Amino acid sequence: MSKIDTIAATGTAETVTAPLADLYLHPLNPRQDAGPEDVALLAQSLLACGLIQNLSGIRDEAGRIGIVAGGRRLRALALAAADNPALSQVPVRLAPDLATAEAWASAENTAREALAPAQEIRAYGKMSAGGASVTAIARAFAVTEPHVYRRLALANLPAPVLDALAAGEISLGQAAAFTVASDEALALEVLATVRGRDHSASWITARLQPLAIRSTDRRARFVGIEAYEAAGGKLTRDLFSEAIYLESPELLDRLFAEKLEAAAEAVTRAEGWKWAETSPETYLPWNYADERGLARIYGEEADLSEEEAEEYEELADLSNGEALDEDGEARLAELEAKIEPRFTEARKALAGCVLLVTNAGELTRTEGLVKPEDAAAAIEAGFLAPNRHGGAGIGSAGGSTKDAAPKSPYSQALVADMKALRLAAVQGALLAKPELVLDLLAFALSPASGLASSVLDIRAGEPTIEPTQLEGCEIDPRLTGRAAGREDDEEAPEWNADLAAAFLSFQERGKKHRNAVLTAALARTLPYGCHIGGRQSGLFDHIEDEAKADLRSVWTPNGANFFGRVSGGYLDALFAELLSAEPGDERVKAFGRGKKAEKVAIMERLFSNPQTRALYQVTAEQAERIARWQPDCF
């Protein structure tokens, strides 16, 4: 028990009259400071009405009395006695022991006037240091226990911080931010910056913990706070929020890497995949496989019988209409499990996985990636279809290479449209790159390009950049119709009676205008592929990169121009890929149960409607992936 909980008094309290000169402010008194205006106002009240409430104190060994309750009255009496000497004889109630004096110091001052936050913090801290419980402190000051806890949380702040709070140089919220400080010298540096300025608590916290990592960081979530502490990691907890700061970033990085690598080892050891790699990113970009020369195979699907397929359609329709009973749901789940693609041991033996940790701290992986050295074996096994150039192409669900080509998810018309749009994106990007266009022109006209090359279609051809489906496409008008390669601010005449005058007029418009017209006209001649002897060269890809062309700048996929032109299975895989979801994810399962038209509508809204993305819990990274996604049909 604390001193305040049980007071064993050595005597009873008594009231004595003592000379003002024998009185002094005791250290127990919380009101060590008092405003001069308040003291002067109270002195006037004493002169008018006298001392209504006695002071309270405790006699020391020298016989003097330390005032523990009534500090403002003591100061006011010193002023008032100069005008009324009778006030120099002061009635004082004497405490029988120090514990009683402590309780009086708290209760009497609280009853007179609410303490300022800094005074509260110091008063509560002194009582707590003396052994008083939170309950006793709350009772003495007539406040709630949570209020005492909040003030005690600040009791160990450096004295200069409390001084700044008492002086009004920082707010209570700013003072609370200093509780996360683990370096007092740094805390005082930050205090010097904050004094008298409106810096937020989060601004202060960031500077007090410059290297710390919040517990919401994906690395901390993946590793776990318990594992981090078990490895010797140091934590700081914000006493006024649920925020936790990890102060050993190097240790956290090591634990993160070790746990991710262990997960990759488990994939190869326990599941039979040929290889497993880790990625430091939060998601794999849409062109991850292409940039690394990887092909991709998919799980093997089991076929439903004709009767089962009909039953599945009926159950899916009822489920979509929320009219399916418990037994129906169980049967639907059974059929879904039967057709869910599975990776056989043979497929795993030729492919691998890439593992990463999302921003939510969740481990996820992309399966079925085939390295170049395994592509031939995957093609021979019928797991992978060869592309038209002899390399590995689109992964097939099963079958042999003889029937792999018809299983491509892209029709020839769709591929032609996508190539036209890609060409439009590159030509559009060239409009802002006149120097590049002129370089191309010079190269196309020089022997260095080769006699069989076709760098630019400078003979009057106009490569197709308009797809058969124009909905969702925004092609620069300078590349189409009459505007192609011509002045965009005047109508070009069909013919000129005076070509010399027309030429002089053209010259007067200056080189900037000439370069713009030349750039548009030459950009329009760029053919798809820049073929050499009928084979597509890498030059087109280089031009695309250097011009920073982006297919999505001219094309937004929708039902008419893309989603309605691929299979439902393709849409299922794309939906799961965009949301970083596994086949068992409820969102993927619900999407897969829909009819083709429903899937097309959902995909279209996913690419265009923020509310749909919110409905499917699309993260910022996934939204960026959707914004950048392009089909791999080129």
Practice problem: Any chance you could count how many residues in the stretch 218-236 are touching a helix residue (DSSP H, G or I) at 6+ places or on another chain (Cβ under 8 Å) and either at pLDDT 85 or above or open to solvent by 50 Å² or more (accessible area, probe 1.4 Å) (or both)? | Solution: 9
Quiz item: Quick check: is even one residue across the stretch 284-291 over 30 Å from residue 334 (Cα atoms), without any contact (Cβ under 8 Å) to a residue 40 or more places away in the chain, in contact with a helix residue (DSSP H, G or I) (Cβ under 8 Å, 6 or more places away or on another chain) and assigned to a helix (DSSP H, G or I)?
Solution: no
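Residues checked against (1) open to solvent by less than 20 Å² (accessible area, probe 1.4 Å); (2) farther than 15 Å from residue 101 by Cβ; (3) part of a helix (DSSP H, G or I); (4) at pLDDT 85 or above:
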{"residue": "10", "(1), (2), (3), (4)": "no, no, no, no"}
{"residue": "21", "(1), (2), (3), (4)": "no, yes, yes, yes"}
{"residue": "43", "(1), (2), (3), (4)": "yes, yes, yes, no"}
{"residue": "56", "(1), (2), (3), (4)": "yes, no, no, yes"}
Self-check item: Subset of the stretch 603-625 [buried (at least 19 other Cβ atoms within 10 Å of the Cβ), in a helix (DSSP H, G or I) and either among the β-branched types (Val, Ile, Thr) or touching a Gly at 6+ places or on another chain (Cβ under 8 Å) (or both)]
Solution: 603, 604
Quiz prompt | Residue under evaluation residue 232, criteria (1) within 22 Å of the chain's Cα centre (by Cα); (2) part of a loop (DSSP other than H, G, I, E, B), criterion not met | solution = (1)
Quiz item: Tally time: how many residues in the stretch 512-548 are at pLDDT below 75 and small (Gly, Ala, Ser)?
Solution: 4
Quiz prompt | When residues of the stretch 338-355 are limited to those that are open to solvent by 10 Å² or more (accessible area, probe 1.4 Å) and touching a Leu at 6+ places or on another chain (Cβ under 8 Å), the one farthest from residue 623 (Cα to Cα) | solution = 338
Quiz item: Can you find a residue in the stretch 240-256 that is surrounded by 14 or more Cβ atoms within 10 Å (Cβ to Cβ), outside any strand (DSSP E or B) and more than 24 Å from the chain's Cα centre (by Cα)?
Solution: no
Quiz prompt | Hits in the stretch 145-196 - residues which are more than 13 Å from residue 122 (Cβ to Cβ), open to solvent by 50 Å² or more (accessible area, probe 1.4 Å), without any contact (Cβ under 8 Å) to a residue 12 or more places away in the chain and assigned to a helix (DSSP H, G or I) | solution = 145, 146, 185, 189, 192
Quiz item: Among the residues of the stretch 318-358 satisfying the criterion of being touching a residue at least 40 places away in the same chain (Cβ under 8 Å) and assigned to a helix (DSSP H, G or I), which is nearest to residue 582 (Cα to Cα)?
Solution: 336
Quiz item: Are any of the residues in the stretch 116-125 among the acidic types (Asp, Glu) and either open to solvent by less than 20 Å² (accessible area, probe 1.4 Å) or in contact (Cβ under 8 Å) with a residue 24 or more places away in the chain (or both)?
Solution: yes
Quiz item: So, in the stretch 258-283, of the ones that are touching a strand residue (DSSP E or B) at 6+ places or on another chain (Cβ under 8 Å), open to solvent by 30 Å² or more (accessible area, probe 1.4 Å) and outside any loop (DSSP other than H, G, I, E, B), which residue ends up farthest from residue 179 (Cα to Cα)?
Solution: 268
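The values are calculated or read from the model by the stated rules, or taken from the named source; none is laboratory data. Given the structure is predicted, the values throughout are model-derived calculations rather than measurements. Heads up, the Cβs are rebuilt from the backbone with ideal geometry, glycines too, and the neighbour counts pull from every protein chain shown. Just so you know, the surface numbers come from the protein's heavy atoms only, side chains and all, with ligands and any DNA or RNA stripped out. Shrake-Rupley method; radii C 1.70, N 1.55, O 1.52, S 1.80 Å.
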